[in-house]
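K.L.:
Next up is a structure, given as C-alpha cells.
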Amino acid sequence: MITCYIEAIGSFFVRFVASAGQFFLFFMSGVKQIFSLPVQTDKILDHIWFIGAKSVFVILLTGLFTGMVLGLQGYYTLVTFGSEAALGTAVSLTLIRELGPVLGAIMITARAGSAMAAEIGVMRMSEQIDALVTMQIDPVRFVFTPRLFAAVLSFPLLTALFDMVGIFGGYLSGSLLLGINEAVYMDRVIHSVKMTDIWGGFFKSIVFAFVVTTICCYRGYYSHENRQGEFGAKGVSLATTNAVVQSCVCVLICDYVITSFLV
C-alpha cells in the first residue's frame, strides 16, 4: 500500500516536471520567434483585431458596471465614516491598480483565450500542425508567436479602456445617483492617481498577456496529450476548459505576486 502511494506521488512529480519543462520550452520558442524576420505583419494585425478590437464591447460593459458597483459599495462604506468625498480616490485606485488589469484579463481569456485554445486544438486534431512540420514550417512561429505579440499590444490598451469606463461608471452611481459633488469626485480622481499606479497596472496587463496567451496556445497545441486520452472534439473541449481555468487562476496568482512587490 505504501509503495503504491510513493509510486503515485513520484509519477505526479515526474509528470509535473515534464509538463513544466515542455511549457517553458514552448514559451521561450514563441518569444524567440518574435525577433525573427520576416515579421508576420498580416497575422499580427488579424490577431490584434480578434483579441483587441473584438473584445472592446465586453470590456466596456464589464468596466462600466464594475465602476458602478464600486461607486455604490464605496459610497455606503465611506458615508459611515463621513468620508464620501473620497469616493473618487477609492474607485480610481481600485480600478487602476487591481480590478482593471485582473478583470480585463479574465474577460479577454473568456472571449479570446478560449477561442485560441479551441482553434489551435482543432488544427492539432485535424493534423494541420503536423502538415506544417512536414512542410518545414515552424508551427510555434505560425500559431503562437503572432497571437503573443498581438496580445502584448492589446492587453494594456484594453486595460486603459476598462479603467476609464470604470471611473465613469463610478461617477454615474456616485455623483448622478447618490449626489456626490461632481467636481469633488473628479478632483479626487485626478489628484489621487499617480503615474506609478498607471504604469503598475500596465505592467500587470503585459504580464497577464504573456500568461494568458501562452497557457491558451499551449493547451491547444498539446490538446492531443491529455491524461484522459481523449482525441477529437472531446480533446479540444478538455483543452479549452483547462486553458480558461488555468489562465484565470494564474492571473490571480500573478496579480498577488506582482502586487506584493509593487506595494
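We did not get these values from a lab; they are worked out from the coordinates using the rules stated. Nothing here was measured: the structure is a model prediction, and the numbers come from that model. Methodologically, a virtual Cβ is constructed for each residue, glycine included, from the backbone with ideal geometry; neighbour enumeration extends over all protein chains shown.
K.L.:
In debye, nearest 20, what is the charge dipole magnitude of the chain about its Cα centre with +1 on Lys and Arg Cβ and -1 on Asp and Glu Cβ, if you could check?
P.N.:
240
K.L.:
Using each residue's phi in region 42-50, evaluate 6.51 cos²θ - 1.76 cosθ + 1.60 at θ = phi - 60° and report the 3J(HN,Hα) Karplus result to the nearest Hz, with x for Gly and Pro.
P.N.:
Each residue of region 42-50 in turn: 4, 5, 4, 5, 4, 6, 4, 5, 6 Hz.
K.L.:
Which order do peptides 53-62, 160-169, 19-28 fall in by mean Cβ count within 10 Å, highest first?
P.N.:
160-169, 53-62, 19-28
K.L.:
Also: Which one of 193, 145, 214 has its Cα pushed farthest toward the positive end of the charge dipole of region 110-234, where Lys and Arg give +1 and Asp and Glu give -1 at the Cβ?
P.N.:
Result: 214.
K.L.:
Still on this structure: At what distance in nm do the modelled label points of residue 153 and residue 14 sit from each other, each positioned 7 Å from its Cα along Cα→Cβ?
P.N.:
4.5
K.L.:
Within region 2-262, count lysine pairs with alpha carbon atoms under 29 angstrom apart where the residues are 8 or more positions apart or belong to different chains.
P.N.:
Counting lysine pairs in region 2-262 gives 9.
K.L.:
Apply the Karplus parameterisation 6.51 cos²θ - 1.76 cosθ + 1.60, with θ equal to phi minus 60°, to every residue of region 144-156 and state each ³J(HN,Hα) to the nearest whole Hz, in sequence, with x for glycine and proline.
P.N.:
For region 144-156, the Karplus curve yields 9, 4, x, 5, 5, 4, 5, 5, 4, 7, 7, 4, x Hz.
K.L.:
Taking Cα atoms of region 97-190, Rg/Rh with Kirkwood Rh, to two decimals?
P.N.:
Rg/Rh for region 97-190 comes to 1.27.
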